[in-house]
Amino acid sequence: MRTILYLFLIILVVGCKTKKPLNTTTETAILVEEKSRFEKIDLKDVNNQKMTRAYTLGRRLLDACNSSRFKVFTKEEATDKVIQNATVEKITKTCQKILVRNGKFIDLQLLEVTQDNETQDLFFRYKINFEKKYFERELYVTINSEGKVSEMKTKELPKKPM
């Protein structure tokens with residue numbers, strides 16, 4: 001009976017023995033080889049046509065808040081999904097909220113450009129300048145590899161504590 005108990009304990013100790021740690025040099029080599037999917041791009045390296053398209057369409061969208069007139073995007077400028085979602089009713093509803101909270105739209109200021117290395121999409125992030133400075137908003141414009149706008153959204157930034 002004792003031999004069976006000792007044999008069981010030996011099997012238990014051998015079975016529960018910890019495994020060897022991975023070689024740290026191979027782990028770091030693997031991490032170095034992996035490339036990030038998203039990469040910030042210097043403004044000089046961005047295609048000028050895509051940069052102007054993002055700016056003009058973003059400005060046109062926000063100018064609609066000041067003038068209450070919106071020129072619908074064409075198929076050469078935006079994808080079908082953006083054209084379907086950018087209806088006059090939706091833009092009017094959003095503009096009413098923005099006007100009450102932020103005042104009139106003044107201009108856009110480009111903050112950064114990020115590229116998706118898998119799809120070659122460019123993400124433009126703009127600071128929106130309004131009359132009232134109480135709340136900060138940003139505009140995000142995505143230009144796909146075909147040069148069309150595939151997404152536009154605004155986001156209010158949380159207040160910074162004083």
Using the structure shown, decide if residue 81 is at pLDDT 90 or above and part of a helix (DSSP H, G or I).
yes
Subset tally (residues that are open to solvent by less than 70 Å² (accessible area, probe 1.4 Å), of a type outside the set (Gly, Ala, Ser), part of a strand (DSSP E or B) and closer than 18 Å to residue 50 by Cβ) for the stretch 112-157
17
Members of the stretch 59-78 that are within 21 Å of the chain's Cα centre (by Cα) and assigned to a helix (DSSP H, G or I)
59, 60, 61, 62
Exclusive hit being of a type in the set (S, T, N, Q) and crowded, with 16+ Cβ neighbours inside 10 Å, set 79, 52:
79
What number goes with the only condition from (1) closer than 24 Å to residue 36 by Cα; (2) open to solvent by 70 Å² or more (accessible area, probe 1.4 Å); (3) not in a strand (DSSP E or B) that residue 96 does not pass?
(1)
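For (1) over 18 Å from residue 157 (Cβ atoms); (2) modelled with pLDDT of 90 or more, each residue gets a yes or a no:
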| site | (1), (2) |
| --- | --- |
| 47 | yes, no |
| 60 | yes, yes |
| 66 | yes, no |
| 103 | no, yes |
Just to be sure, is residue 99 of a type in the set (A, V, I, L, M, F, W, C) and in contact with a strand residue (DSSP E or B) (Cβ under 6 Å, 6 or more places away or on another chain)?
no
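Residues checked against (1) among the charged types (D, E, K, R); (2) closer than 30 Å to residue 37 by Cα; (3) in contact with a helix residue (DSSP H, G or I) (Cβ under 7 Å, 6 or more places away or on another chain):
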site	(1), (2), (3)
100	no, no, no
106	no, no, no
111	no, yes, no
116	yes, yes, no
119	no, yes, no
123	no, yes, no
141	no, yes, yes
148	yes, yes, no
158	no, yes, no
Can you tell me how many residues in the stretch 99-111 are open to solvent by less than 60 Å² (accessible area, probe 1.4 Å) and under 22 Å from the mean Cα position of the chain (by Cα)?
3
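The values are calculated or read from the model by the stated rules, or taken from the named source; none is laboratory data. What you see is a predicted model; the values in this text were computed from it and never measured. Glycine also receives a Cβ, built like all others from the backbone with ideal geometry; neighbour counts cover every protein chain displayed. Each accessible area value is taken on the protein alone, full model and side chains, heavy atoms only, with ligands, DNA and RNA left out. Shrake-Rupley method; radii C 1.70, N 1.55, O 1.52, S 1.80 Å.
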